[in-house]
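Data first, discussion second: the structure below is written as structure tokens.
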């Protein structure tokens, strides 16, 4: 069901559609449906969206919005990102209310993952 006027769909650039599908299905358990060789739609991500073939990438340094995932086990998610071919941009760090890290997918798109679990406490 669609809700007016809420965010309904997200799209990201992808230099390599097949690598993108492999990474997000292995690391985050997303599902994909292809619409031709230059577009794939994803589901099972909390919001639906897609990747379109392009030689650009999204990063906060260049002013892009940041998509942030939630994880109950930040270290495990970081390990899955690295094992899947993602690159850690900012290692796990505390912030008020939780901890998080930033990573780039194999296309160079920046994402973050946060958790309120095992919140860093100063001694």
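Before moving on, here are some points about what is shown:
- You will find that of 34, 38, 116, the residue that is under 30 Å from residue 1 (Cβ atoms), touching a strand residue (DSSP E or B) at 6+ places or on another chain (Cβ under 7 Å) and modelled with pLDDT under 95 is 116 and no other.
- Test: residue in region 73-94 that is assigned to a strand (DSSP E or B), in contact (Cβ under 8 Å) with a residue 24 or more places away in the chain and out of contact with any strand residue (DSSP E or B) (no Cβ under 8 Å at 6 or more places or on another chain): yes
- Boolean, residue 16 is over 15 Å from the mean Cα position of the chain (by Cα) and surrounded by fewer than 18 Cβ atoms within 10 Å (Cβ to Cβ): yes
- Failed item in (1) part of a strand (DSSP E or B); (2) surrounded by fewer than 16 Cβ atoms within 10 Å (Cβ to Cβ); (3) without any contact (Cβ under 8 Å) to a residue 40 or more places away in the chain, with residue 100 passing the rest: (2)
- Residue within region 49-56 that is touching a strand residue (DSSP E or B) at 6+ places or on another chain (Cβ under 7 Å) and within 28 Å of residue 117 (Cβ to Cβ) present: yes
- Summed over region 19-53, residues that are free of Cβ contacts under 8 Å to residues at least 24 places away in the same chain, loosely packed, with under 13 Cβ neighbours inside 10 Å and in a loop (DSSP other than H, G, I, E, B) total 7.
The values are calculated or read from the model by the stated rules, or taken from the named source; none is laboratory data. No experiment lies behind these values; they were computed from the predicted model shown. Heads up, the Cβs are rebuilt from the backbone with ideal geometry, glycines too, and the neighbour counts pull from every protein chain shown.
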